[in-house]
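The next block holds one structure in the form of structure tokens; read it before the comments.
The values are calculated or read from the model by the stated rules, or taken from the named source; none is laboratory data. In this text, all values refer to a predicted model and were calculated from it rather than measured experimentally. With ideal geometry, Cβ positions are generated from the backbone for all residues, glycine too; neighbour counts draw on all protein chains shown. Note: areas computed on protein heavy atoms with side chains; ligands, DNA, RNA excluded. Shrake-Rupley method; radii C 1.70, N 1.55, O 1.52, S 1.80 Å.
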Amino acid sequence: MRTLLWGVIPYVVLVLLAAGLAWRYRYDKFGWTTRSSQVYESKLLNIASPMFHYGILFVLVGHLVGLFVPESWTEKAGVSEHTYHLFSLYGGTAAGVLLVLGIALLLYRRRTNAPVFRATTANDKLMYLVLFAAIVLGMVAKLTHASGEGYNYRESMAPWARSLFTLQPDTDRMAGVPVMYQIHAVVGMALFALIPFTRLVHMFSAPVQYLFRPYVVYRSRDPRRVGARPERRGWEKTGS
Ligand code: HEM
């Protein structure tokens, strides 16, 4: 069972992720979208969406540091285990709370706004369930083991996660890991496997080119709009 969970499933997930993304690009290039519901409702979305996305970005950075920066490195850099624990406890929890509030608001909006709910497919519902479960289980695992020095996953889960990349999964490291952390990691892996087949696929098409493209100039045609001025004859300079 340990080999299956921590030595086989992670690779199945990686293959599903890579092959799924290639398949989606090949067969559903034009369906590669967030399927945004902003046209139905934007007031709540403008608050909930940044909360969720900043929250998940901070949590992602926390996972990358926690799982992929070895304890020996931070110690050499002069960061004691105690300092690391405090940083992870307060920083990680703050990011987690932002994320929980963000997803709770997004789900509330999706359920209570009729057009948004009508635009929600069975695929979306499954995705939200797994996403919500991964987030809540991560918080529960962390907060139920927060007393004292907390649970030091950097000596168990982190070396296991790193060993996956050497193609020699150290499944023994997962032996004594508290069950809540184990369930969290399994649900997290399930979420990774779902990415190519759901709206989450949009995370791989961050519009980086937006940073470099020229400005788009918007002008109102409505003369009554604030800031509008009478049209002048001839060409106008852009950016004025
Ligand atoms: C296989 C993948 C994953 C592994 C191995 C993993 C591992 C961990 C570990 C070890 C912690 C505890 C941190 C601590 O005790 O200080 C944690 C916390 C957490 N995880 Fe994950 N995780 C995974 C995927 C995910 C995913 C996909 C999400 C969200 C969509 C997520 C959301 C959270 C949250 C919200 C917390 C609590 C807050 C925090 O520490 O930042 N995790 N995870």
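Failed condition for THR120, given (1) away from the ligand (no atom under 11 Å from the Cβ); (2) over 18 Å from LEU105 (Cα atoms), with all others met?
All conditions pass for THR120, except number (2).
Quick one: what pairs do we get from the stretch 33-48, first residue hydrophobic (A, V, I, L, M, F, W, C), second surrounded by 11 or more Cβ atoms within 10 Å (Cβ to Cβ) and in a helix (DSSP H, G or I), C-beta under 6 Å, 6+ apart or different chains?
Close Cβ pairs satisfying both conditions: LEU44/ARG109; ALA48/GLY102; ALA48/LEU105; ALA48/LEU106.
Identify, from the list TRP32, TRP23, the residue that is in contact with a Pro (Cβ under 8 Å, 6 or more places away or on another chain) and open to solvent by 50 Å² or more (accessible area, probe 1.4 Å).
None of the other options fit; the residue is TRP23.
Among the residues in the stretch 81-101, are any outside any loop (DSSP other than H, G, I, E, B), more than 13 Å from the ligand (Cβ to nearest atom) and out of contact with any Leu (no Cβ under 7 Å at 6 or more places or on another chain)?
yes
Restricting attention to the stretch 54-74, which residues are within 11 Å of the ligand (Cβ to nearest atom) and touching a residue at least 60 places away in the same chain (Cβ under 8 Å)?
Matches in the stretch 54-74: VAL59, GLY66, LEU67, PHE68.
Which residue is most open to solvent (accessible area, probe 1.4 Å), if the candidates are limited to the stretch 167-196 and must be within 13 Å of the ligand (Cβ to nearest atom) and of a type in the set (Gly, Ala, Ser)?
ALA190
Any chance you could count how many residues in the stretch 146-159 are open to solvent by 50 Å² or more (accessible area, probe 1.4 Å) and near the ligand (Cβ under 8 Å from one of its atoms)?
1
List every residue pair whose Cβ atoms sit under 9 Å apart, with the two residues 6 or more apart in sequence or on different chains, where the first one lies in the stretch 204-229 and is among the β-branched types (Val, Ile, Thr) and the second, anywhere, is modelled with pLDDT under 70 and open to solvent by 80 Å² or more (accessible area, probe 1.4 Å).
VAL217/THR238
So how many residues does the stretch 178-220 have that are out of contact with any helix residue (DSSP H, G or I) (no Cβ under 6 Å at 6 or more places or on another chain) and in a loop (DSSP other than H, G, I, E, B)?
12
State yes or no: is ARG162 open to solvent by 60 Å² or more (accessible area, probe 1.4 Å), within 13 Å of the ligand (Cβ to nearest atom) and assigned to a helix (DSSP H, G or I)?
Spelling it out, ARG162 is indeed open to solvent by 60 Å² or more (accessible area, probe 1.4 Å), within 13 Å of the ligand (Cβ to nearest atom) and assigned to a helix (DSSP H, G or I).
Check the stretch 103-120 and report whether any residue there is closer than 23 Å to LEU44 by Cβ, open to solvent by less than 30 Å² (accessible area, probe 1.4 Å) and assigned to a loop (DSSP other than H, G, I, E, B).
Yes, the stretch 103-120 contains a residue that is closer than 23 Å to LEU44 by Cβ, open to solvent by less than 30 Å² (accessible area, probe 1.4 Å) and assigned to a loop (DSSP other than H, G, I, E, B).
Test ALA77 against the criterion of being away from the ligand (no atom under 14 Å from the Cβ), among the small types (Gly, Ala, Ser) and either open to solvent by 30 Å² or more (accessible area, probe 1.4 Å) or more than 27 Å from ALA206 (Cβ to Cβ) (or both), and give yes or no.
Yes; evaluated as a whole, the condition is true for this residue.
Only one of these is among the hydrophobic types (A, V, I, L, M, F, W, C), at pLDDT below 95 and within 23 Å of VAL100 (Cβ to Cβ): MET157, MET203, MET189. Name it.
One residue alone meets the criteria, MET203.
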